[in-house]
Amino acid sequence: MGDELQRHVIHGRSPSDRSIDDAEKGICDSTTELVVPSPFVYLGQNGSRGFDPHLSPVSPIHEGITPLSSVPELSLSRPTASPLNSNVKVIEVVVKKPNPPKPMISKWILVDLWFNTYRKFFTLVTLLNMTGIILAALGRFPYAENHLGALVLGNLLCAILFRNELFLRVLYFIFIYGLRSWAPLSIKYAATSILQHVGGIHSGCALSGAAWLLYKVVDIIRYRAVQHPAVVASGIITNVFIIISVLSAFPWVRNTYHNVFEKQHRFIGWLGLATTWVFVVMGNVYDIKTGEWSTNANTLISTQELWFAVFMTVFVLIPWVTLRQVPVEVEIPSPKVAILRFQRGMQQGLLGRISRTSIMEYHAFGIISEGRASPHHYMICGVQGDFTRALVANPPKTVWTRELKFAGVGNASAMFRRGIRVCTGTGIGAALSTCIQSPNWFLIWIGSDQERTFGPTIAGLIHDNIPPDRMILWDSKKRGGRPDTMELLKDTWKAFGAEVIFITSNMQGNDEMMQGCRAAGLHAFGTLWDF
């Protein structure tokens, strides 16, 4: 069945780890400790606008303040040191600051966000195929009676295509360069939503292909008197493999037993592909009218089923042909994060899969690069599961990766004139390239103790490439908690003249921002977990 489902867990965590990784802990606390001295007071849009550099020993950007007149700023005060006795201890008072109450979101917005384009694609594809199966069972679908194998393989081919790196890169290329110069924003929003949610087609076609295969095997068993036993056996075996591969990708399996999903979905899917070949060839060369095996090669070559199987095999193999073992330098700025540095630069909006072994589980991470001409690109791996913990505990010298990278929704940012990239914690790994490579994108990064957690490499990439008037770096540890994110987004949207917002966050942060943006009429695209 091809590769594992592309998880737009673009920080590299598995779908079961949906909440917060170590680098994001403290961002989503319901209450946060404020230490006095050095309180920071959020004033909002109507508060004080001025910034006094004498109040702080570091730059406004290090303090999380961006000098834009319409962006909410912070006012800070510092206690004066007593010159009389330098040995006097300062008593620190811990104050609990609750987060502001969440705004009420209408049920219509919640339903609209739930029934997104992914689920619409899945529902449409599944309903069309289920209708076809019902019509075939009633004898009102002549094509299905003669080409059941083509319906099986056609669906499985589509499922593989919409998870194939090359096909998706071509799809992104067509949409971006075909629309960005002339299309109105409504069309660009629709195109971006389609690109982000094509996984719904993948899931719908995979499930439908398994349903058609089950129908075909039942049909063969019904007429087993005229079928060769080998054809019946190969059909049953193929059916078992394909159904196991599909069931292993169901959310509750994938989320609870992720390693089981990784292995079964790939390896049993490959066995299903191999037995599909056997089933297709045997089913086409056995003539049920004469009860004999046909030796006419033209008969086999001319069948639709054979060519569907050929293209399925080709698209499964393409990503693996580009598999390479490459050198990597691992920087450990803190126990929470590993920064991986690879050779060669990359365009923005791409993600890569890496593994310590050649064919076992692969993990997807966003790619940071200053551009194609850059000598390096980076991945930020927040400590979450066994794989990322091992990167910190035992840094590798080489890793396996596919040289053909796949496009994430951030790649669609090239369609828009101006936009905002907001992220939390390790989400900076998927967001940073867009803001580095394009002067028309504004970065908002909310994290906890960012400079210490992510180290000088990431800090250098940010400050060397993004000017202060194009970013807000919010350190929730220094700030005493999260900002009013929607206030930041609304003010930045207006001041920067943004057309779209791309969000990369954990599930809680993503849901809050998506709901707030929808309620405020801001066009936003959030992190997607395959369902």
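Assorted remarks:
- Candidate set: region 356-379, residues that are surrounded by fewer than 19 Cβ atoms within 10 Å (Cβ to Cβ) and among the hydroxyl-bearing types (Ser, Thr, Tyr); chosen: the one nearest to residue 463 (Cα to Cα): 374
- As a summary of the residue check, residue 466 satisfies the conditions (1) touching a Leu at 6+ places or on another chain (Cβ under 7 Å); (2) surrounded by 24 or more Cβ atoms within 10 Å (Cβ to Cβ); (3) of a type in the set (A, V, I, L, M, F, W, C) except for the one numbered (2).
- Residue selected from region 266-302 under the condition open to solvent by 70 Å² or more (accessible area, probe 1.4 Å) and outside any helix (DSSP H, G or I), by the criterion modelled with the lowest pLDDT: 295
- The lone exception for residue 448 - which of (1) over 25 Å from the mean Cα position of the chain (by Cα); (2) in contact (Cβ under 8 Å) with a residue 12 or more places away in the chain; (3) over 30 Å from residue 115 (Cα atoms) it fails: (1)
- Every listed requirement among (1) under 24 Å from residue 529 (Cβ atoms); (2) not in a helix (DSSP H, G or I) is met by residue 319 save one, (2).
- In region 161-184, residue least open to solvent (accessible area, probe 1.4 Å) [restricted to those that are of a type in the set (A, V, I, L, M) and closer than 16 Å to residue 404 by Cβ]: 168
- Of the helices (runs of 4 or more DSSP H) lying entirely inside region 153-257, those containing at least 2 residues that are at negative phi, of a type in the set (Ser, Thr, Tyr) and in contact with a helix residue (DSSP H, G or I) (Cβ under 7 Å, 6 or more places away or on another chain) span 185-196, 199-222, 229-247.
- Residue count for region 515-530 satisfying the condition of being open to solvent by 30 Å² or more (accessible area, probe 1.4 Å) and in contact with a strand residue (DSSP E or B) (Cβ under 7 Å, 6 or more places away or on another chain): 1.
- Residue list for region 201-211, restricted to those being in contact (Cβ under 8 Å) with a residue 40 or more places away in the chain and either closer than 22 Å to residue 138 by Cβ or open to solvent by 40 Å² or more (accessible area, probe 1.4 Å) (or both): 207, 208, 209, 211
- Test for residue 197: is it touching a Ser or Thr at 6+ places or on another chain (Cβ under 6 Å), under 30 Å from residue 418 (Cβ atoms) and surrounded by 15 or more Cβ atoms within 10 Å (Cβ to Cβ): yes
- Some residue of region 113-125 being buried (at least 17 other Cβ atoms within 10 Å of the Cβ) and hydroxyl-bearing (Ser, Thr, Tyr): yes
- Among the residues of region 212-236, those that are open to solvent by less than 30 Å² (accessible area, probe 1.4 Å) and under 17 Å from residue 129 (Cα atoms) comprise 212, 213, 217.
- Strands (runs of 3 or more DSSP E) contained entirely in region 323-422, each with at least 1 residues that are touching a residue at least 12 places away in the same chain (Cβ under 8 Å) and touching a helix residue (DSSP H, G or I) at 6+ places or on another chain (Cβ under 7 Å): 329-334, 337-343, 350-355, 363-368, 376-382, 398-402
The values are calculated or read from the model by the stated rules, or taken from the named source; none is laboratory data. Quick caveat: nothing in here was measured; it's all calculated off a predicted structure. Here the Cβ is made from the backbone with ideal geometry for all residues, glycine too, and neighbour counts use every protein chain on show. Only protein heavy atoms, including side chains, enter the accessible area calculation; ligands, DNA and RNA are left aside. Shrake-Rupley method; radii C 1.70, N 1.55, O 1.52, S 1.80 Å.
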